[in-house]
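Trainee: I'd like to ask you about the structure that follows.
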Amino acid sequence: MKIAFVIYDNLTLLDFAGVYDPLTRLKTMGFMDDLAYDVCARTERVRSSEGVELIADLVGNDLSSYDYVIIPGGDGIKGLMKDTEFLHWISAAYGKSTVAAVCGGSLLLGAAGLLRGKRATTHPNLTGVLKHFAGEVSTDRIVDEGNIITAGGVTSAIDLGLYLCEKIAGKDAREKIQVQMDYSCYRVR
């Protein structure tokens, strides 16, 4: 199992870390020894909107070789929604990987054309924009459309991470990771 965590300048740190933490615990807590994950970007270093510098494991790599590709939101989406190279880079995974997005990351999937005819969710303040891309906009915290999964606002990143833990390794793994994280707020609706 391989997971790619996409990062870019001006991402929201919790959108990234909220999914990263539970999913990487699948390996660190012994549920999946064969789990591999990479932090992927188009540049070696990026800076979150909060000012934290992140270093990519891989730069400009082929995302279609991953089982899951995770895309956070953040202020950086504004420019990336018009960046055809970036949109092509993330859309190359579609059909070969499950692509999941948090918050404004859903708009990146939409701008890449991946939400046509699909249900999707995003941060409540961004639903008006999402309507231009998705077949149906949902207020659910997580929307699973098979190989496209979207999550709502910032804290839903943690829920998405736990949801994917269950999808990948089962309910028992998700519950144990959730307890270890001391996270009692998990919900998908």
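Since every read-out is calculated from the coordinates, none of them should be taken as a lab result. Predicted model, so just to flag it, every value in this text is computed and none were measured. When we count neighbours, we look across all protein chains shown, and the Cβ atoms used for this are built from the backbone with ideal geometry, even at glycine.
Trainee: Relative to the present Cα-Cα distance, how much length would full extension add between Asn10 and Tyr183 at 0.36 nm per residue of separation?
Mentor: Residue separation times 0.36 nm, minus the Cα-Cα distance, leaves 59.6 nm.
Trainee: Taking the Cα centre of region 99-172 as the origin and placing charges on Cβ (Lys, Arg +1; Asp, Glu -1), which of His132, Ile168, Ala101 is farthest toward the positive end of the dipole?
Mentor: His132
Trainee: Next question. What is the log10 of I(q)/I(0) for region 112-189, computed with the Debye formula using one identical point scatterer on each Cα and no solvent, at q = 0.16, 0.22 Å⁻¹?
Mentor: Reported log10 I(q)/I(0), two decimals: -0.59, -0.95.
Trainee: Taking N as the number of residues in the chain, what is its Cα Rg relative to 2.2 N^0.38 Å?
Mentor: Cα-based Rg divided by the globular estimate yields 0.93.
Trainee: Given labels modelled 7 Å from the Cα in the Cβ direction, how far is it in nm from Lys78 to Asn147?
Mentor: For Lys78 paired with Asn147, the spin-label model returns 3.3 nm.
Trainee: Here's another thing I want to ask about it. Students often check this: by mean Cβ neighbours within 10 Å, which of 52-58, 138-144 ranks highest, and how do the rest follow?
Mentor: In descending order of packing, they fall as 138-144, 52-58.
Trainee: So for region 120-189, averaging the separation of alpha carbon pairs under 8 Å that are six or more residues apart and normalising by length, what relative contact order in percent results?
Mentor: About 29 percent, as a whole number.
Trainee: In whole angstrom, how far apart do the alpha carbon centroids of region 95-136 and region 41-72 sit?
Mentor: Cα centroid to Cα centroid, the span is 19 Å.
Trainee: Additional query: With r defined as the distance between the Cβ atoms of Lys171 and Ser64 and R0 fixed at 30 Å, what FRET efficiency is calculated, to the nearest 0.05?
Mentor: Computed FRET efficiency for Lys171 and Ser64 comes out at 0.55.
Trainee: Along the charge dipole of region 37-189, Cβ charges K/R +1 and D/E -1, which of Ile177, Asn61, Thr121 sits furthest on the positive end?
Mentor: With unit charges placed on the Cβ atoms, the residue in question is Thr121.
Trainee: Please report, in debye to the nearest 20, how large the charge dipole of region 112-178 is about its Cα centre when each Lys and Arg carries +1 at its beta carbon and each Asp and Glu carries -1 there.
Mentor: The dipole magnitude comes to about 140 debye.
Trainee: Please go through the residue pairs Lys2/Lys171; Lys118/Lys176; Lys131/Lys176; Lys96/Lys167; Lys27/Lys96 and name each one whose alpha carbons sit more than 28 Å apart in this structure.
Mentor: Correct reply: Lys118/Lys176; Lys131/Lys176.
Trainee: Determine the relative contact order of region 14-64: mean sequence separation of Cα pairs under 8 Å and six or more apart, normalised by residue count, in whole percent.
Mentor: That works out to 26 percent.
Trainee: Hey, another quick one. Under a point-charge model restricted to the Cβ atoms of Lys and Arg (+1) and Asp and Glu (-1), what is the dipole moment magnitude of the chain relative to its Cα centre, in debye to the nearest 20?
Mentor: 520
Trainee: Another question, then. Looking at region 2-181, what % of its DSSP beta bridges pair antiparallel, to the nearest 5?
Mentor: Beta bridges within region 2-181, antiparallel portion: roughly 20 percent.
Trainee: What list of ³J(HN,Hα) couplings, whole Hz, do you get for region 82-97 from phi and the Karplus terms 6.51, -1.76, 1.60, once you set θ to phi - 60° and write x for glycine and proline?
Mentor: 10, 8, 5, 5, 5, 4, 5, 4, 6, 6, 4, 7, 4, x, 10, 10
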